[in-house]
1. For P(r) over Cα pairs in 10 Å bins from 0, in percent, which listed value, (1) 10, 40, 37, 10, 2, 0; (2) 10, 28, 29, 19, 10, 4, 1; (3) 6, 15, 16, 18, 24, 17, 4, 0, comes from the coordinates shown?
2. Over the chain, average the accessible area per residue using a 1.4 Å probe and give it in Å², no decimals.
3. Given a 1.4 angstrom probe, I'd like the percentage of the accessible area of the stretch 1-87 that is carbon and sulfur, rounded to a whole number.
4. Compare the Cα positions of V108, L157, W133 along the charge dipole of the chain (+1 at Cβ of Lys, Arg; -1 at Cβ of Asp, Glu; about the Cα centre) and return the one farthest towards the positive end.
5. How big is the stretch 1-88 by the Kirkwood estimate over distinct Cα pairs, in Å?
6. Lys/Arg Cβ at +1, Asp/Glu Cβ at -1, dipole of the stretch 1-46 taken about the Cα centre: which of Q29, M12, I42 is farthest positive-ward?
7. How high is the relative contact order of the chain? Use alpha-carbon pairs under 8 Å, at least six apart in sequence, and give a whole percent.
8. Starting with the highest mean, order 10-22, 45-57 by the number of other Cβ atoms within 10 Å, averaged over the residues of each peptide.
Amino acid sequence: MRIYITIFLRIMLFVSLAVLVFDYLRVEQLLIQMERGFINEIYLGVNTWTVFVFIGVVFLLIVNEIFQFFQVRKNKNSILSAYLTAEYDVSDERAVENTHKAVSLAFVVILSYSFFMIGSYLFIPNYFIDHIWFPLFTTASIPIVGLLTYLITYKSLAKI
């Protein structure tokens, strides 16, 4: 269950940061359009809830990391030298091996997915004017796809 919580918090971290940055870029885009004469007047509505959500997710993630670290230290069978973050299961040698395989596959998926996402920017040459959300959310999706790949691979290996 802890791996689901940790992966969910990591995904929420990237999503909340992307929404926070998108809100800032949206306001900046409107100001640039007004400066260039594309629009005459604007309404600037800045969402402050995005900042609070981001800070809350960061706080929960830090608390989760500290809690998981102390649980790993308390467990006599865990391999403390293999502990990196709360996603990695170091409870025994089999878990470390499954984690290694899952991380390796997630890395390959991230490399392949990044190639296609960066290549997709060619289809929107003026993305800062018309489609400001596209490069931001596709870039934020890269670690999310890696985290989901890791979770699915690790859980499938753990069942074997």
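The values are calculated or read from the model by the stated rules, or taken from the named source; none is laboratory data. Because the structure is predicted, anything quoted here is derived from the model rather than measured. We place every Cβ from the backbone using ideal geometry, glycine too, and count neighbours over all the protein chains shown. Heads up: the accessible areas ignore ligands, DNA and RNA and are worked out on the full protein's heavy atoms, side chains in. Shrake-Rupley method; radii C 1.70, N 1.55, O 1.52, S 1.80 Å.
1. Label of the calculated value: (2).
2. About 65 Å² of surface per residue is accessible.
3. 69 percent
4. Farthest along the dipole direction, towards plus: L157.
5. 15.8 Å
6. Most positive-ward Cα: M12.
7. 30 percent
8. 10-22, 45-57
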